[in-house]
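Notes for the one structure printed next.
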Amino acid sequence: MSVTGLCQVCESAAANVSCDRCGAAVCRDHYDADTGFCADCAANAEMS
Ligand SMILES: [Zn+2]
Ligand SMILES: [Zn+2]
């Protein structure tokens with residue numbers, strides 16, 4: 001998938017991927033490849 005713009009987590013790096021859960025565009029540092037979630041969703045998913 002192609003994403004343009006800035007990462008919605010750090011807002012400083014270019015977004016490369018979109019979260020499978022919330023659809024946020026995030027950079028690879030804030031994308032969990034195991035779950036396909038952004039860092040925010042991955043943190044929430046682990047807590048639940
Ligand atoms: Zn980021
Ligand atoms: Zn997300």
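Over the chain, dividing the summed -39,500 (n - 2.57) contributions of all DSSP H runs of at least 4 residues by the number of residues returns a 222 nm mean residue ellipticity of -5500 deg cm²/dmol.
If we count every other residue with Cβ under 15 angstrom of Gln8's Cβ, Lys/Arg +1 and Asp/Glu -1, where does the sum land? Before the final figure, lay out each step's value.
Numbers: positive: Arg21, Arg28; negative: Glu11, Asp20, Asp29, Asp32, Asp40.
Combined, the nearby Lys, Arg, Asp and Glu give -3.
Any chance you could run the full-extension gain for Ala33 through Asp20? It's 0.36 nm times the residue separation minus the Cα-Cα distance, nm to one decimal.
Length gained, Ala33 through Asp20: 3.7 nm.
Figure note: Val26, Val9 ranked by solvent-accessible area, largest first, 1.4 Å probe, ligands and nucleic acids not counted: Val9, Val26.
Convex hull volume of the Cα atoms of the chain, normalised per residue: 60 Å³.
Taking other residues whose beta carbon is less than 14 angstrom from the beta carbon of Ala42, and scoring Lys, Arg as +1 and Asp, Glu as -1, yields -4. Summing charges over all other residues whose Cβ lies under 13 Å from the Cβ of Tyr31, with Lys and Arg as +1 and Asp and Glu as -1, gives -3.
The values are calculated or read from the model by the stated rules, or taken from the named source; none is laboratory data. Here the structure is a predicted model, which means the values were calculated and not measured. Glycine also receives a Cβ, built like all others from the backbone with ideal geometry; neighbour counts cover every protein chain displayed. Side chains are part of the model used for accessible areas, which takes the heavy atoms of the whole protein and leaves out ligands, DNA and RNA. Shrake-Rupley method; radii C 1.70, N 1.55, O 1.52, S 1.80 Å.
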